[in-house]
1. Under 6 Å between Cβ atoms, which residue pairs at least 6 apart in sequence (or on different chains) link something in the stretch 162-187 that is touching a residue at least 60 places away in the same chain (Cβ under 8 Å) with a partner that is open to solvent by less than 80 Å² (accessible area, probe 1.4 Å) and in a loop (DSSP other than H, G, I, E, B)?
2. Looking at Glu61, is it of a type in the set (Asp, Glu), more than 24 Å from Pro14 (Cα to Cα), surrounded by fewer than 14 Cβ atoms within 10 Å (Cβ to Cβ) and touching a residue at least 60 places away in the same chain (Cβ under 8 Å)?
3. Would you mention how many residues in the stretch 86-101 are under 30 Å from Tyr143 (Cβ atoms) and open to solvent by 30 Å² or more (accessible area, probe 1.4 Å)?
4. Quick one: which residue in Ala161, Ala175, Ala142 is of a type in the set (A, V, I, L, M) and within 25 Å of Lys62 (Cα to Cα)?
5. Among the residues in the stretch 146-164, are any of a type outside the set (A, V, I, L, M, F, W, C), over 17 Å from the mean Cα position of the chain (by Cα) and open to solvent by less than 20 Å² (accessible area, probe 1.4 Å)?
6. Among residues belonging to the stretch 190-203 that are hydrophobic (A, V, I, L, M, F, W, C) and out of contact with any helix residue (DSSP H, G or I) (no Cβ under 8 Å at 6 or more places or on another chain), point out the one that is most open to solvent (accessible area, probe 1.4 Å).
7. List the pairs whose first member sits in the stretch 65-81 and is basic (Lys, Arg) and open to solvent by 20 Å² or more (accessible area, probe 1.4 Å), whose second member is modelled with pLDDT under 95 and assigned to a loop (DSSP other than H, G, I, E, B), and whose Cβ atoms are under 9 Å apart, counting only residues at least 6 apart or on separate chains?
8. Of the residues Arg130, Arg140, which is over 23 Å from Ala45 (Cβ atoms) and part of a helix (DSSP H, G or I)?
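The values are calculated or read from the model by the stated rules, or taken from the named source; none is laboratory data. Everything numeric in this text was worked out from a predicted model, so none of it was measured. All Cβ positions, glycine included, derive from the backbone under ideal geometry; neighbour counts span all protein chains shown. Ligands, DNA and RNA are stripped out before the accessible areas are found, and what is left, the full protein with its side chains, is counted by its heavy atoms. Shrake-Rupley method; radii C 1.70, N 1.55, O 1.52, S 1.80 Å.
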Amino acid sequence: MRNREEEFMKIVDPVLSEHFQKSSQETIRFCEQHSREVAGSFLDAFYGVVNRAFLLQTRQEKGKIKYLQFSHLYSSLFLKKYLMRIDVWDERLYSDTSGEEVYWNVDCIYQMFEEDIRKIKKRIEWSIPRIREYETDYIRYAYASFYHGLMKALLKNMLEALLMDNPDFWEKEGAWEDEVQILFGEYMGQADVLYTLSRGDDR
């Protein structure tokens, strides 16, 4: 059992990286060709959830915004419905019971994921026959990290444009803490800081 697991990982890991190098180019081309639609769906989700947080603030049900969190969902990998969760938190983060969230459909980024998994399995079946269900789960979870990296890069680009194009939005009086962190990671898991925004700073 142990030998099969070690052999499986030894064979699969380099295949994932190699396959994504080719597949990602097609995804990038698609996003470039449909940039207006991708950006529009992002802005609808983003402004929708933040404006709802502003409304809660007027009702004194929410503190100043301290964190904006973009989370990929483990469940998406197996439900085959790719969503990015956007949360708006005050300084309490996960303890913020007035947390506002929205689910942004990111099929445009993950559209080739299922086809990639099928091709990867077909390729490694020559070396590892009768791939088991838990091994397929490993492939899906390991390969998803490449897509999450692409999603992270896309988000950084769109957020940079958002920060530059609408500075007044970030200066709304009483809405934001003096320092705001924009996070990206797995929901309720580890997250990376995409940006740290300081009052009067567009970084």
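1. Going by the 6 Å Cβ cut-off, the qualifying pairs are Tyr187/Leu73.
2. No, not satisfied.
3. 3
4. The match here is Ala175.
5. no
6. Val193
7. If the second residue must be modelled with pLDDT under 95 and assigned to a loop (DSSP other than H, G, I, E, B), the pairs left are Lys66/Asp90; Lys66/Glu91; Lys66/Arg92; Lys66/Asp96; Lys81/Ser75.
8. Checking each option against the conditions leaves just Arg140.
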